[in-house]
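The values are calculated or read from the model by the stated rules, or taken from the named source; none is laboratory data. All figures in this text were calculated on a predicted structure; none of them were measured in a lab. A quick note on method: Cβ atoms are made from the backbone with ideal geometry, for glycine too, and the neighbour counts reach across all protein chains shown.
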Amino acid sequence: MCLYLDQRGSTYYFRRVIPKELQSVIGKREFTFSLRTKDREKAKRLRTFHAMETDRKLDEARKSLEWSTCSVRAAESSASPSDGDADFITQLAQERLRREEAAREESFKRRAARESHRDELRLKLECPSAFLPQREAAMKDLLREQEERANAAEAKLAALLAQAAADPRRVTLSPAEPYLKTATLDGEILDGWKAERKPAQKTIDAHKAVVRWFHERVGAKPAASLTIEDFRTFKNKLVEEGQSTENIRTKLSRLQTLMQWAFDNGMVAENHAAKVKLKETKGKTKARLPFDLPALKAIFSSPVFSRGERPSVLRGEAAYWLPLLALYTGARLEELGQLRLIDVTEREYPDAQGQERSAWFIRVTSDEADDLKLKNANSERYIPVHPELERLGFIAHVKEAKHGNADRLFPQLKPDKYGRLTAKWGEHWSRYRREICGVTDRRMVFHSFRHTFKTYARLASIDDSVQRQLMGHSARDVADDYGEGWDHQLVEAMKTYAVPGLTGSLPDPADS
């Protein structure tokens with residue numbers, strides 16, 4: 001187990017016990033907070049920073065304790081201290097003030113030395129995220145989240161002050177104990193988590209539903225009074241009802257998320273939900289499988305591809321291009337469904353010899369103005385258009401679409417109540433896969449194309465770091481994030497990607 005690292009579920013936390021003599025000074029027994037990552041290597045890098053930061057806080061606490069101890073001893077030594085004692089206390093106070101002033105001066109100098117770097121960074125962060133390297137785009141996301149949290153805290157304080165001005169008797173700023181005892185999962189905790197984390201509406205509704213399930217089976221009571229037995233009871237009742245292992249895990253994970261937020265914000269003494277585990281069932285099969293070759297042949301010889309049929313529920317050309325794009329890019333369904341025409345572009349880049357080349361790329365990006373959303377910051381990327389897609393007429397299809405009035409590549413896709421363009425399309429395609437293509441294995445779904453891409457990318461011996469860049473996976477090594485200049489490697493890697501027995505054999509849609 002790595003020092004100061006704690007794993008709860010799949011998320012890593014920083015945890016450091018505070019020495020007993022300093023606990024009263026700092027006001028808690030340990031430093032514990034989420035690192036907000038499921039990647040072990042990233043967690044280890046973040047741990048180093050937080051270890052240094054907590055070292056600084058412990059040093060400050062020790063200095064404060066030493067000062068208090070000296071002051072008490074001086075006071076206790078005599079009701080009427082001698083001149084020597086008085087001189088010693090004065091010198092000690094002056095030395096403390098001198099050190100604090102020197103520390104402030106040093107901090108000011110370091111800040112002044114970074115001024116030019118801050119100006120450079122400000123200019124970079126004013127650019128749209130799509131044009132920034134992934135590390136700087138991620139930094140922009142973090143700064144935006146921090147600003148949103150600060151604004152939310154400021155608004156909450158302003159509302160509290162306004163309430164106090166209107167009726168001071170209704171507002172009690174301290175102690176907070178009555179509030180802690182009455183906070184509930186479906187009340188203050190859910191509202192606070194929602195305001196701070198700002199999750200998608202679908203995520204909010206899912207957490208609300210889990211809390212409702214929990215209250216129906218265990219009973220509604222303040223979160224501070226919930227015990228580990230309550231969460232075990234909930235788990236056992238779900239098992240008795242025949243809920244799937246995956247379903248139970250998901251529900252427990254959402255309860256753990258809310259309880260952890262409550263713990264981090266002082267509303268509960270402990271996250272008891274995190275202690276409840278569900279044992280792995282023997283012979284457990286994978287939740288998702290890549291498509292095997294027979295399944296791929298069944299899909300790509302179906303009427304959409306062999307006879308040019310376009311079922312109305314599969315929204316025109318989306319029926320043809322979405323499965324092909326998924327197979328030859330490894331992108332997620334929603335990433336493909338929300339593509340705009342401007343996201344398919346021809347880019348110039350230098351090859352290994354420095355010669356200028358050009359290739360078509362698909363840009364996977366987020367854009368609040370156009371309601372483009374991504375799973376995470378690493379998902380933002382450029383994917384070269386595979387030669388097979390060009391042979392089948394994808395670029396010609398894009399160019400033709402640009403002559404129309406639509407902005408989206410698949411304008412017939414309509415968002416559901418959560419804003420997802422491909423939610424309904426995915427349901428209809430699953431039915432088409434089962435009933436028309438005859439691919440009935442429940443572990444083979446549209447997301448299996450992403451697993452399939454990963455499988456054949458490995459068979460093509462594409463470098464792991466290039467695979468991660470193509471698929472929008474988080475970096476496994478710090479060097480993966482450095483610089484741009486990936487275009488040549490990505491294009492050359494994509495040329496080697498093939499699905500033996502399928503690539504090159506699909507009919508051109510113009511011939512169907």
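Among the listed residues 303, 290, 294, identify the single one that is under 25 Å from residue 321 (Cα atoms) and surrounded by fewer than 12 Cβ atoms within 10 Å (Cβ to Cβ).
Details: 303 fails: surrounded by fewer than 12 Cβ atoms within 10 Å (Cβ to Cβ); 290 fails: surrounded by fewer than 12 Cβ atoms within 10 Å (Cβ to Cβ).
That would be 294, the only listed residue that is under 25 Å from residue 321 (Cα atoms) and surrounded by fewer than 12 Cβ atoms within 10 Å (Cβ to Cβ).
Given the criteria touching a residue at least 24 places away in the same chain (Cβ under 8 Å) and under 24 Å from residue 374 (Cβ atoms), does residue 296 qualify?
Details: touching a residue at least 24 places away in the same chain (Cβ under 8 Å): yes; under 24 Å from residue 374 (Cβ atoms): no.
In short, no.
Since residue 418 meets every condition but one in (1) out of contact with any Lys or Arg (no Cβ under 7 Å at 6 or more places or on another chain); (2) modelled with pLDDT under 95, which condition does it not meet?
Going through the list (1) out of contact with any Lys or Arg (no Cβ under 7 Å at 6 or more places or on another chain); (2) modelled with pLDDT under 95, residue 418 breaks only (1).
Given the conditions (1) in contact with a helix residue (DSSP H, G or I) (Cβ under 9 Å, 6 or more places away or on another chain); (2) surrounded by fewer than 22 Cβ atoms within 10 Å (Cβ to Cβ); (3) within 23 Å of residue 225 (Cα to Cα), report the number of the one that residue 258 does not fulfil.
(2)
Do we have residue 231 as surrounded by 17 or more Cβ atoms within 10 Å (Cβ to Cβ), closer than 30 Å to residue 435 by Cα and of a type in the set (A, V, I, L, M, F, W, C) here? Break it down into steps so the answer makes sense when it comes.
Values: surrounded by 17 or more Cβ atoms within 10 Å (Cβ to Cβ): yes; closer than 30 Å to residue 435 by Cα: no; of a type in the set (A, V, I, L, M, F, W, C): yes.
Judged against the criteria, residue 231 is not a match.
All but one of (1) in the same structural domain as residue 414 (by TED's automatic domain parsing); (2) basic (Lys, Arg); (3) not in a loop (DSSP other than H, G, I, E, B) hold for residue 310; which doesn't?
With respect to (1) in the same structural domain as residue 414 (by TED's automatic domain parsing); (2) basic (Lys, Arg); (3) not in a loop (DSSP other than H, G, I, E, B), residue 310 is out only on (3).
Among 316, 308, which is the only one that is under 35 Å from the mean Cα position of the chain (by Cα), at positive phi and surrounded by fewer than 15 Cβ atoms within 10 Å (Cβ to Cβ)? Step through it out loud before you land on a result.
Numbers: 308 fails: under 35 Å from the mean Cα position of the chain (by Cα).
None of the other options fit; the residue is 316.
Considering only the range 207-221, I want to know if a residue exists there that is out of contact with any helix residue (DSSP H, G or I) (no Cβ under 9 Å at 6 or more places or on another chain), part of a loop (DSSP other than H, G, I, E, B) and aliphatic (A, V, I, L, M). Let's see the steps before the verdict.
Let us first name the residues in the range 207-221 that are out of contact with any helix residue (DSSP H, G or I) (no Cβ under 9 Å at 6 or more places or on another chain), namely 216.
Those still in the list that are part of a loop (DSSP other than H, G, I, E, B) too: none.
No, the range 207-221 contains no residue that is out of contact with any helix residue (DSSP H, G or I) (no Cβ under 9 Å at 6 or more places or on another chain), part of a loop (DSSP other than H, G, I, E, B) and aliphatic (A, V, I, L, M).
Quickly run through the range 234-258 and pick out the residues that are in contact (Cβ under 8 Å) with a residue 60 or more places away in the chain and hydrophobic (A, V, I, L, M, F, W, C). Step through it out loud before you land on a result.
Kept after step one, since they are in contact (Cβ under 8 Å) with a residue 60 or more places away in the chain, are these residues of the range 234-258: 253, 255-258.
Passing the criteria: 255, 258.
Which of the following residues is farther than 28 Å from residue 145 by Cβ, in the same structural domain as residue 233 (by TED's automatic domain parsing) and at pLDDT 70 or above: 203, 182?
Exactly one residue qualifies, and that residue is 182.
Quick one: would you say residue 221 is under 29 Å from residue 417 (Cα atoms) and not assigned by TED's automatic domain parsing to the domain that holds residue 416? First the steps, then the outcome.
On the way: under 29 Å from residue 417 (Cα atoms): no; not assigned by TED's automatic domain parsing to the domain that holds residue 416: yes.
When the stated conditions are applied, residue 221 does not pass them.
Can residue 330 be described as more than 19 Å from residue 414 (Cβ to Cβ) and either touching a residue at least 24 places away in the same chain (Cβ under 8 Å) or surrounded by 22 or more Cβ atoms within 10 Å (Cβ to Cβ) (or both)?
Answer is yes for this residue.
Filtering the range 445-469 down to residues that are within 25 Å of the chain's Cα centre (by Cα) and not in a helix (DSSP H, G or I), which residue is nearest to residue 386 (Cα to Cα)?
If we take residues in the range 445-469 being within 25 Å of the chain's Cα centre (by Cα) and not in a helix (DSSP H, G or I), then 463 is nearest to residue 386 (Cα to Cα).
Residue-by-condition table, conditions (1) under 18 Å from residue 332 (Cα atoms); (2) modelled with pLDDT of 90 or more; (3) not assigned by TED's automatic domain parsing to the domain that holds residue 457; (4) not in a strand (DSSP E or B):
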position	(1), (2), (3), (4)
348	no, yes, no, no
352	no, no, no, yes
360	no, yes, no, no
363	yes, yes, no, no
375	yes, no, no, yes
378	yes, no, no, yes
388	no, yes, no, yes
397	no, yes, no, yes
403	no, no, no, yes
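Inspect the range 148-163 for any residue being farther than 27 Å from residue 364 by Cβ, surrounded by 13 or more Cβ atoms within 10 Å (Cβ to Cβ) and either of a type in the set (Val, Ile, Thr) or modelled with pLDDT of 85 or more (or both) and give the result as yes or no.
no
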